[in-house]
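Asker: Sharing a structure below in structure tokens format, with a few things to ask.
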Ligand code: NDP
């Protein structure tokens, strides 16, 4: 059973050598008498920015615990059931949820899995638009941003797993949407594939405040925050009265020993801005409603989804750290097996 393990806890930027591919000779099977386990083959693994936090040893508990050194890493993935003693699962079922970064996993908490009922869309989408990033975009945009038709919406890290969906939701709602991303290729995708009204490469903008004033001469009603740091500071200067900022993530800060300060927070007062953090995990009760909306959109081609597909478990470490250099174009996932 090939596995990706964390070799040492990370400070600063993660490196490929912080992880290691090992082969375990232990043959996984459901322990005798266990009535609540599934043995799975891992098909697709999801690379997600929050995993960076789990690579550091933290003394204070956060919403997910640190990885255990020397053990296979874990995260979201798409799995096929090989054996089950859990009443909800039988051999051959497909599911997505928490699994190991390895070829086969024994899952003793199958409540962390969701059975896949719609198999007529690419299965890999359950690491992205039909999985956690989809729920994030849906909850963050519709529940946290309180969007209205015609509003001015700005999305950072806009071509990524979450951002590309948020921008398309905002367009479907009749908003004016601008996205930023870190390369020409990504900016082209935003404009030509995802239908953003406009887009820019933030790396080519020495003055982010001036750039936002150019793209939003009347100001921003909704900021979907994925990045933090200097971008947030510039956005705060360009928000409209009663604007909303949905704080989904702050990826520019995850590898910093000393996170940057935010200087323009006081503009929240005079402009009566609502700034709200949220976690996808609090919104899974909306998952059926979300699928009901998004699946027809995908089938009708009204929402498209771009994935960055890495082949083989061995590509896991490079793919994961690539999120922090912007190497991924679209949702980063790793194919362990296709069936
Ligand atoms: P992406 O697919 O967008 O990949 C990460 C992207 O972030 C990179 O491709 C890169 O794009 C950009 N990036 C990396 N470093 C920086 C930096 N220093 N400054 C600016 N941009 C940077 O990831 P996701 O869509 O999965 O996640 C997007 C955000 O949403 C993250 O902050 C993540 O933590 C958060 N998130 C939050 C959830 C929640 O429940 N609250 C759930 C899921 C995600 P580029 O080339 O454009 O720079």
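Asker: Based on what the data block shows, is residue 245 under 17 Å from residue 138 (Cα atoms) and within 15 Å of the ligand (Cβ to nearest atom)? Let's see the steps before the verdict.
Answerer: Values: under 17 Å from residue 138 (Cα atoms): yes; within 15 Å of the ligand (Cβ to nearest atom): yes.
Here the answer is yes, as residue 245 does meet what is asked.
Asker: While we're here: Do any residues in region 241-269 that are under 16 Å from residue 56 (Cβ atoms) and free of Cβ contacts under 8 Å to residues at least 40 places away in the same chain have Cβ atoms under 6 Å from those of residues that are more than 8 Å from the ligand (Cβ to nearest atom) and in a loop (DSSP other than H, G, I, E, B), where the two are at least six apart or on different chains, and which pairs are they?
Answerer: If the second residue must be more than 8 Å from the ligand (Cβ to nearest atom) and in a loop (DSSP other than H, G, I, E, B), the pairs left are 253/259.
Asker: Are there helices (runs of 4 or more DSSP H) fully within region 224-304 with at least 1 residues that are exposed (fewer than 13 other Cβ atoms within 10 Å of the Cβ)? List them.
Answerer: Working: elements: 230-236, 267-270, 287-299.
Once the helices (runs of 4 or more DSSP H) in region 224-304 are filtered for at least 1 residues that are exposed (fewer than 13 other Cβ atoms within 10 Å of the Cβ), what remains is 267-270, 287-299.
Asker: Among the residues of region 78-94, what is the count of those that are closer than 21 Å to residue 31 by Cα and in a strand (DSSP E or B)? Step through it out loud before you land on a result.
Answerer: Quick first cut of region 78-94, residues closer than 21 Å to residue 31 by Cα only: 79-93.
If we keep only those that are in a strand (DSSP E or B) too, we end up with 79-84.
Final tally of qualifying residues: 6.
Asker: Would you point out which residue out of 329, 334 is part of a loop (DSSP other than H, G, I, E, B) and touching a helix residue (DSSP H, G or I) at 6+ places or on another chain (Cβ under 7 Å)? Give the steps one after another, and end with the answer.
Answerer: Values: 334 fails: part of a loop (DSSP other than H, G, I, E, B).
Of 329, 334, the one residue that is part of a loop (DSSP other than H, G, I, E, B) and touching a helix residue (DSSP H, G or I) at 6+ places or on another chain (Cβ under 7 Å) is 329.
Asker: I need the full set of residues from region 270-285 which are within 16 Å of the ligand (Cβ to nearest atom) and in contact (Cβ under 8 Å) with a residue 24 or more places away in the chain, in order please.
Answerer: So in region 270-285, the residues within 16 Å of the ligand (Cβ to nearest atom) come out as 275-285.
Selection gives 275, 276, 277, 278, 279, 280, 281, 282, 283, 284.
Asker: Spot the failing condition for residue 309; the list is (1) within 16 Å of the ligand (Cβ to nearest atom); (2) assigned to a helix (DSSP H, G or I), and only one is missed.
Answerer: (2)
Asker: Same structure again: Identify, please: which residue in region 34-50 is within 16 Å of the ligand (Cβ to nearest atom) and over 17 Å from residue 130 (Cβ atoms) and is, among those, surrounded by the fewest Cβ atoms within 10 Å (Cβ to Cβ)?
Answerer: Narrowing region 34-50 to residues within 16 Å of the ligand (Cβ to nearest atom): 44-50.
Next cut, over 17 Å from residue 130 (Cβ atoms) only: 49-50.
On the way: 49: 20, 50: 17.
Here the residue is 50.
Asker: Quick one: is residue 234 within 23 Å of the chain's Cα centre (by Cα), within 15 Å of the ligand (Cβ to nearest atom) and within 19 Å of residue 179 (Cα to Cα)? Reasoning before the result, please.
Answerer: Working: within 23 Å of the chain's Cα centre (by Cα): no; within 15 Å of the ligand (Cβ to nearest atom): yes; within 19 Å of residue 179 (Cα to Cα): yes.
Criteria not met by residue 234.
Asker: Let me ask you something else. For region 212-231, give me each residue that is within 15 Å of the ligand (Cβ to nearest atom) and touching a strand residue (DSSP E or B) at 6+ places or on another chain (Cβ under 6 Å). Outline the logic, then answer.
Answerer: Narrowing region 212-231 to residues within 15 Å of the ligand (Cβ to nearest atom): 212, 223-231.
Within region 212-231, 223, 224, 225 qualify.
Read the figures in this text as sums done on the coordinates, not as results from a lab. Because the structure is predicted, anything quoted here is derived from the model rather than measured. Counting neighbours? That spans all protein chains shown, and the Cβs are built from the backbone with ideal geometry, glycine included.
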